[in-house]
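The values are calculated or read from the model by the stated rules, or taken from the named source; none is laboratory data. Fair warning: this is a prediction, and the values are worked out from it, not measured in the lab. Note that we place each Cβ from the backbone using ideal geometry, even for glycine, and neighbour counts take in every protein chain shown. Quick note on the areas: whole protein, heavy atoms, side chains included, nothing else; ligands and nucleic acids left out. Shrake-Rupley method; radii C 1.70, N 1.55, O 1.52, S 1.80 Å.
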Amino acid sequence: MQYAPTLSRDELITFATQTYFASVDRKDMAATLACFHDEALFTVQTSFTTHAGKAEIERMFVDFFGAWETIVHRDFTCTVDETNGRIAASFIADLTAADGSVTSLTNTNFWRLRDGRFQEVHVYMSGANVLV
């Protein structure tokens, strides 16, 4: 069955990079969670970790937001399948700890959207999994 898209190519890119990641970078839990369906799946492929449903995804973000003083996602390169509501983005994630040390990761996320929100997220992370 083919997906009936609700977002254009530009809207998919804006949703992933400016709505979702900007919310994460602000540590805005409500806005971050608003990007997900209630039964969404969030999988870190490189560590075989899956968070199923909004409650598990929220718990993951509580831990992630608490672990870092600042979070910055930048330098996005996006590929979009507008017809099927899918987007991939490669990017840098700079995570600054309370002591000022910085962890930089080169990641790629793959998203499938349904009705304008994430149904599935698949993350490939260059270092240790920070989304546990």
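Among the chymotrypsin sites (Phe, Trp or Tyr not before Pro) in region 20-84, which ones are in a DSSP loop with at most 10 other Cβ atoms within 10 Å of the Cβ? Mind listing them?
Details: sites: Tyr20, Phe21, Phe36, Phe42, Phe48, Phe61, Phe64, Phe65, Trp68, Phe76; in loops: Phe48, Trp68.
Taking region 20-84 and a limit of 10 other Cβ atoms within 10 Å, the loop chymotrypsin sites (Phe, Trp or Tyr not before Pro) found are Phe48.
Gain in length, Phe110 to Ala55, computed as 0.36 nm per residue apart minus the alpha-carbon separation, to one decimal in nm? Don't skip to the answer; put the middle values down first.
Working: separation 55, 0.36 × 55 = 19.80 nm, distance 2.07 nm.
The Phe110-Ala55 span can extend by a further 17.7 nm.
Given the DSSP H assignment, sum -39500 (n - 2.57) over each helix run of at least 4 residues in the chain and divide by its residue total; what's the result at 222 nm in deg cm²/dmol, nearest 500?
On the way: 4 runs with 31 residues, N = 132.
Result for the chain, helices only: -6000 deg cm²/dmol.
Please name whichever of His37, Gln18, Val62 sits farthest to the positive end of the charge dipole of region 1-74, dipole taken about the Cα centre and charges placed at Cβ: Lys and Arg +1, Asp and Glu -1.
About the Cα centre, the residue reaching furthest to the positive side is Gln18.
Nearest 20 debye, what's the magnitude of the dipole of the chain about its Cα centre given +1 on Lys and Arg Cβ and -1 on Asp and Glu Cβ?
Details: 10 positive and 17 negative charges, 31 e Å.
With Lys and Arg at +1 and Asp and Glu at -1, about 140 debye.
For the chain, with every protein chain kept in place, what is the accessible area per residue (1.4 Å probe, Å²)? Walk me through the numbers before you get to the answer.
Values: 6580 Å² over 132 residues.
I get 50 Å² per residue for this part.
How large is log10 I(q)/I(0) at q = 0.13, 0.15 Å⁻¹ when the Debye formula is applied to the Cα atoms of the chain, each weighted equally and without solvent?
-0.50, -0.67
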